[in-house]
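Peer 1: Quick one: the structure is below, and I'll ask about it shortly.
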Amino acid sequence: MRKKVTASSQRPDAPAVTASLTIFSAPKAFKGHVGIIQENAIRSWLSLSPKPKVILFCNEAGTSETLRGLNVELVSDIETNSFGTPLVSDMFKQADKLATSDVLAFLSADIILTHRIMDAARLAMEWSKRFLLVAQRHDVDVRSRLEFDAAWEQRWATQAVARGKLHSPGAIDLFMYPRGEYEHMPPFAIGRTSYDNWMLWNAVASGIPLIDATEFVTLIHQNHDYNHALKIDVWDGVEARENRKWVKHWSNFYSIAHATHAMNAEGKIGPARAWKYRMARPMQVLSHALRASRPTRTRLRSWWLARRYGV
């Protein structure tokens, strides 16, 4: 029997409220600095208007107590792989059933959102009934809990983005799409790479517009360390290799730069023609060539050093 824990005070028999966006995420344990920035992120989502439905997939002990009083739905029963790692595919499947809107957004649990995200959902849905919307994030140092009152964006967000750094198109922390789009996702393990690249490649390969909304949407990523994953090889371990097999070929590891369309600062969507997009494929080929030739280059360098310095 599937067990769910709701961190909301809303009565079970209360009438459902239709939101224009459903946000779901898979937070880590709410401990230390990671716990602080995750609370910041979730509170920012709940400050949006109209208020989105927020679903959190997490089976860490103590989560429901930490989130007590926040209007979120906490799902602790999540399908896992043989290593006990939760599956992204099951989260997408469950989110589809629990959503109260036509548009969903899967989001990293350390991302603060501004109200532009609600406009982006509306604009994308008006433009096309099928799409995948992504955006680059701004990396910002945040060490304490933040207040999200009516003026928080004007008071804090603009300055934070100005002093932060726009991350490369390779980091993908937002996936916005119409409900029902990912019913048949492969069994990707969360936090083990490649599912994000697959989602972008699969959209383009399926003829679905991949929209880069970096100019319109503001994603504030709160910097953190990776102490939670020190004992796990999330990049080259068994689970990571299992995830990568679904991408099939190195040329399918898409980034935001592979977008087919772009949403500009005014919210207008059109073909992606900037150099960032034109250079995505050549840069990918170059990067692969450098990786593939690394062993040969290392041997040549060792030979050259031996010849020159006798080492």
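The values are calculated or read from the model by the stated rules, or taken from the named source; none is laboratory data. None of these values were measured; they are calculated from a predicted model. So basically every Cβ, Gly included, is an ideal-geometry build from the backbone, and we count neighbours across all protein chains shown. With ligands, DNA and RNA removed, areas are computed over all heavy atoms of the protein, side chains included. Shrake-Rupley method; radii C 1.70, N 1.55, O 1.52, S 1.80 Å.
Peer 1: Mind giving me the nanometre distance, one decimal, between the label points for His288 and Asp149, set 7 Å out from Cα along Cα→Cβ?
Peer 2: 5.4 nm
Peer 1: Sorted by packing (mean other beta-carbon atoms within 10 Å per residue), highest first, where do 97-110, 277-290 land?
Peer 2: Those peptides, ordered most packed to least, come out 97-110, 277-290.
Peer 1: Right, something else. Rounding to the nearest 10 and keeping the result within 0 to 90°, find how far the Cα-based axis of helix 116-127 lies from the longest principal axis of the chain.
Peer 2: Long axis of 116-127 versus the principal axis of the chain: about 80 degrees.
Peer 1: Compute the accessible area per residue over segment 28-129, keeping the other protein chains in place, probe 1.4 Å, unit Å².
Peer 2: Accessible area per residue: 38 Å².
Peer 1: Under the classification rounded if a/c is under 1.5, otherwise prolate if a/b is larger than b/c and oblate if not, where does the chain fall, given a ≥ b ≥ c as square roots of the Cα gyration tensor eigenvalues?
Peer 2: In terms of gyration-tensor shape, prolate.
Peer 1: In degrees between 0 and 90, to the nearest 10, how far off the longest principal axis of the chain does helix 88-98 point, with axes built from Cα atoms?
Peer 2: With both axes taken from Cα atoms, the answer is about 20 degrees.
Peer 1: Assigning unit charges at the beta carbon (Lys, Arg +1; Asp, Glu -1) and nothing else, what dipole magnitude in debye, to the nearest 20, does segment 88-194 show about its Cα centre?
Peer 2: 140 debye
Peer 1: Taking the highest mean first, how do the peptides 240-248, 147-155 order by number of other beta carbon atoms within 10 angstrom per residue?
Peer 2: 240-248, 147-155
Peer 1: Using only the heavy atoms of the protein chains and a 1.4 Å probe, how would Trp275, Trp45 rank by accessible area, largest first?
Peer 2: Accessible-area ranking of Trp275, Trp45, largest first: Trp275, Trp45.
Peer 1: Antiparallel versus total DSSP beta bridges in segment 10-117: what percent is that, nearest 5?
Peer 2: Of the beta bridges lying entirely in segment 10-117, close to 10 percent run antiparallel.
Peer 1: Separate question: Take every Cα pair under 8 Å in the chain that's 6+ residues apart, average their separations, divide by the length, and report that relative contact order as a whole percent.
Peer 2: Relative contact order, the chain: 19 percent.
Peer 1: For segment 239-291, what does the alpha-carbon gyration tensor say about shape, rounded, prolate or oblate, given a ≥ b ≥ c as the root eigenvalues, a/c under 1.5 as rounded, and a/b over b/c as prolate?
Peer 2: Note, shape of segment 239-291 comes out oblate.
Peer 1: Now, a different point. Taking Cα atoms, how many degrees apart are the long axis of helix 294-309 and the longest axis of the chain, rounded to 10 and kept between 0 and 90?
Peer 2: Around 40 degrees separate the two axes.
Peer 1: How much of the accessible area of segment 115-271, in percent, comes from carbon and sulfur atoms when a 1.4 Å probe is used?
Peer 2: The computed percentage sits at 52.
Peer 1: Under the Karplus relation 6.51 cos²θ - 1.76 cosθ + 1.60, θ = phi - 60°, what is the ordered set of whole-Hz ³J(HN,Hα) values for segment 72-78, x standing for Gly and Pro?
Peer 2: Couplings: 10, 9, 9, 10, 9, 9, 10 Hz.
Peer 1: So in the chain, what percent of DSSP beta bridges are antiparallel if you round to the nearest 5?
Peer 2: 50 percent
Peer 1: Given springs between every Cα pair under 10 Å in a Gaussian network model of the chain, which of Ser251, Ser47, Ser25 has the largest fluctuation?
Peer 2: Looking only at Ser251, Ser47, Ser25, the biggest GNM fluctuation is shown by Ser251.
Peer 1: To continue, here is another question. Relative to the Cα centre, what is the charge dipole magnitude of the chain, using +1 at the beta carbon of each Lys and Arg, -1 at the beta carbon of each Asp and Glu, and rounding to the nearest 20 debye?
Peer 2: 1340 debye
Peer 1: For the chain, with the dipole built from +1 on Lys and Arg beta-carbon atoms and -1 on Asp and Glu ones, taken about the Cα centre, which of Val72, His221, Phe30 lies farthest toward the positive end?
Peer 2: Ranked along the dipole, the leading option is His221.
Peer 1: Can you classify segment 102-246 as rounded, prolate or oblate using the Cα gyration tensor, where a ≥ b ≥ c are the square roots of its eigenvalues, rounded means a/c under 1.5, and otherwise it's prolate if a/b beats b/c and oblate if not?
Peer 2: Because a/c hits 1.5 or more and a/b fails to exceed b/c, segment 102-246 counts as oblate.
Peer 1: Based solely on its DSSP helices, what 222 nm [θ] is calculated for the chain when runs of n ≥ 4 H residues each add -39,500 (n - 2.57) and the sum is averaged over all residues, nearest 500 deg cm²/dmol?
Peer 2: Calculated at 222 nm, the ellipticity per residue is -9500 deg cm²/dmol.
Peer 1: On to the next question. May I ask you to give the solvent-accessible area per residue for segment 166-311, in square angstrom, as obtained with a 1.4 angstrom probe?
Peer 2: Heavy-atom SASA per residue in segment 166-311 reads 57 Å².
Peer 1: With a 10 Å radius around each residue's Cβ, average the other Cβ atoms per peptide and rank 84-96, 65-77, highest first.
Peer 2: In descending order of packing, they fall as 84-96, 65-77.
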